[in-house]
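Enquirer: Okay, here's the structure, questions in a sec.
Please treat every number below as a calculation from the coordinates, not as lab data. If you're wondering where the values come from, they're calculated on a predicted model, not measured in any experiment. Note that each Cβ is placed from the backbone with ideal geometry, even for glycine, and that neighbours are counted across all protein chains shown.
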Amino acid sequence: MNEREVKAYWDRFYGNCKIAERCGWKRAKGPLYPSCVDTWMWYKPDEELDNRMKVFIGRTNLADSTELDKNPPNYFEDLNAIHEAEKKLTEEEFSKYCAELHKFCPLKCSSPTCGYAISATAEQRFKAYLKVI
């Protein structure tokens, strides 16, 4: 990876974290793996951290990490996930979001309600979302 690709990766990573937290995902610092001192454990909006820790502590097979490797959706690539995130915008934020999406319109029309948003990619929606939250 060159320097530009590394920066793009981290921008997507931190942007995804920001949207996930906005959507109710939470993260707690903790030792997911014995060899990692500085790790984060995500848990879903409908999960309690205590239950998550019980799963971790009660796990007998450290190689089986399926219960712990639950991460937020990839809002950068998943149209369904970013659509769910759009539902969390306030009315004012949604208005700004639509204006940001309109900037991606290839027709360069003058109407902010041209409907281009229905054709916007997950990446375009991701970038617009981060500009308004």
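Enquirer: Just to confirm a number: summing +1 for Lys and Arg and -1 for Asp and Glu over residues other than Gly24 whose beta-carbon lies under 9 angstrom from that of Gly24, what do you get?
Expert: Summing Lys and Arg as +1 and Asp and Glu as -1 gives +2.
Enquirer: I would also like to ask the following. Please compare each pair in Lys70/Lys131; Lys44/Lys87; Lys70/Lys96 to a cut-off of 28 Å on the Cα-Cα distance and tell me which ones are over it.
Expert: Cα-Cα > 28 Å for Lys70/Lys96; rest within.
Enquirer: A further question follows. Gain in length, Arg27 to Lys96, computed as 0.36 nm per residue apart minus the alpha-carbon separation, to one decimal in nm?
Expert: That works out to 22.0 nm of additional length.
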